[in-house]
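Peer 1: Before I ask anything, let me first share the structure, which is written out below as structure tokens.
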Amino acid sequence: MKIGAITIGQAPRVDVTADILRIFDDSLELVQAGGLDGLTREEIAEFAPGKDDYVLVSRLQDGSSVTFAERYILPRLQDAITRMEEEGCSLIMMFCTGSFPETLSTKKIPMIYPCELLNRLVPLMTKKSSIICMTPSPLQTEQCENKWRNYVKEVKAIAASPYGEWDALEQAAEEVKHMDADLIVLDCIGYTQKMKEMFAEKTGKKVVLPRTLLARVVSELTDI
């Protein structure tokens with residue numbers, strides 16, 4: 001079976017597939033593409049977010065991260081989605097937890113967004129309706145809190161990049177350890193299984209990891 005995976009950065013996302021391919025059967029063929037494929041760092045720099053832009057952070061092929069505005073990559077994402085459908089993919093996963101406009105679409109096959117799964121499941125997983133949200137960039141904390149207030153009563157967003165230094169992630173875990181919330185959402189596809197385990201161990205709180213949640217749902221949908 002062939003399914004697609006769209007990243008907002010550059011494909012292939014070997015950091016993501018390292019955690020999720022074990023969830024699927026060996027017969028799966030994964031086709032990947034990215035919104036920044038083929039672009040240089042200098043070209044990507046022209047996509048820098050302005051004051052009112054929806055901010056995205058993602059990974060390049062060299063393992064580094066970049067910050068950019070969503071609006072610049074939407075046509076490139078749609079082109080990749082269209083190609084995947086034409087190539088015979090049965091389903092497409094979005095390797096990003098951000099919110100995307102309805103202008104992105106497929107003709108006949110499902111398109112699965114992690115944000116849609118998180119928005120529905122997270123409120124069911126917290127007794128206090130209070131969460132801590134980890135997000136890659138300080139530029140994203142306000143938009144993250146504004147989004148989650150539509151689904152839970154209280155949210156505190158903390159910036160700690162999955163593409164940065166491990167020590168910074170551990171410091172973030174110590175920072176949220178005593179916060180009054182019973183659930184941590186690692187709100188970026190870049191956070192790994194190892195990071196989830198670290199946050200859970202250091203904080204004693206439940207932790208939601210989008211990449212494995214996405215993979216398990218898609219596995220059910222494709223009967224793999």
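Peer 1: So which of S65, S99, S130 ends up being over 17 Å from the mean Cα position of the chain (by Cα) and within 22 Å of V185 (Cα to Cα)?
Peer 2: Going through S65, S99, S130 in turn, just one is over 17 Å from the mean Cα position of the chain (by Cα) and within 22 Å of V185 (Cα to Cα): S130.
Peer 1: Still on this model: Select from segment 205-224 the residues that are farther than 18 Å from A160 by Cβ and not in a helix (DSSP H, G or I) and list them in ascending order. Steps first, please.
Peer 2: Just the residues of segment 205-224 that are farther than 18 Å from A160 by Cβ, to begin with: 212-224.
Correct list: D223, I224.
Peer 1: Moving on. May I ask you to list the residues in segment 86-100 that are open to solvent by less than 30 Å² (accessible area, probe 1.4 Å), assigned to a loop (DSSP other than H, G, I, E, B) and of a type outside the set (A, V, I, L, M)? First the steps, then the outcome.
Peer 2: Our first condition is that a residue be open to solvent by less than 30 Å² (accessible area, probe 1.4 Å); within segment 86-100, this holds for 89, 91-98.
From the residues that got through so far, the ones that are assigned to a loop (DSSP other than H, G, I, E, B) too are 89, 91, 96-98.
Scanning segment 86-100 gives C89, C96, T97, G98.
Peer 1: Is it the case that some residue within segment 173-187 is over 23 Å from T141 (Cβ atoms) and in contact with a helix residue (DSSP H, G or I) (Cβ under 7 Å, 6 or more places away or on another chain)?
Peer 2: Of segment 173-187, the ones over 23 Å from T141 (Cβ atoms) are none.
No.
One line per residue, one yes/no per condition, for (1) among the small types (G, A, S); (2) within 23 Å of A11 (Cα to Cα); (3) in contact (Cβ under 8 Å) with a residue 60 or more places away in the chain:
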| position | (1), (2), (3) |
| --- | --- |
| N146 | no, no, no |
| N150 | no, no, no |
| A159 | yes, no, no |
| E170 | no, no, no |
| D180 | no, no, no |
| I184 | no, no, no |
| K194 | no, yes, no |
| A200 | yes, no, no |
| V217 | no, yes, yes |
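Peer 1: Considering only segment 28-45, state which residues are farther than 22 Å from I81 by Cα and in contact (Cβ under 8 Å) with a residue 24 or more places away in the chain.
Peer 2: Matches in segment 28-45: R41 only.
Peer 1: In the set Q32, Q10, which member is in contact with a Ser or Thr (Cβ under 9 Å, 6 or more places away or on another chain), more than 12 Å from I73 (Cβ to Cβ) and among the polar types (S, T, N, Q)? Step through it out loud before you land on a result.
Peer 2: On the way: Q10 fails: more than 12 Å from I73 (Cβ to Cβ).
Q32 is the lone residue from the list that is in contact with a Ser or Thr (Cβ under 9 Å, 6 or more places away or on another chain), more than 12 Å from I73 (Cβ to Cβ) and among the polar types (S, T, N, Q).
Peer 1: Return yes or no: is P12 in a loop (DSSP other than H, G, I, E, B), touching a residue at least 60 places away in the same chain (Cβ under 8 Å), touching a strand residue (DSSP E or B) at 6+ places or on another chain (Cβ under 9 Å) and surrounded by 12 or more Cβ atoms within 10 Å (Cβ to Cβ)?
Peer 2: Here the answer is no, as P12 does not meet what is asked.
The values are calculated or read from the model by the stated rules, or taken from the named source; none is laboratory data. These numbers come from a predicted model, not from an experiment. For neighbour counting, all protein chains shown are included, and Cβ atoms are generated from backbone atoms with ideal geometry for every residue, glycine included. These accessible areas exclude ligands, DNA and RNA; they are computed on the full protein's heavy atoms, side chains included. Shrake-Rupley method; radii C 1.70, N 1.55, O 1.52, S 1.80 Å.
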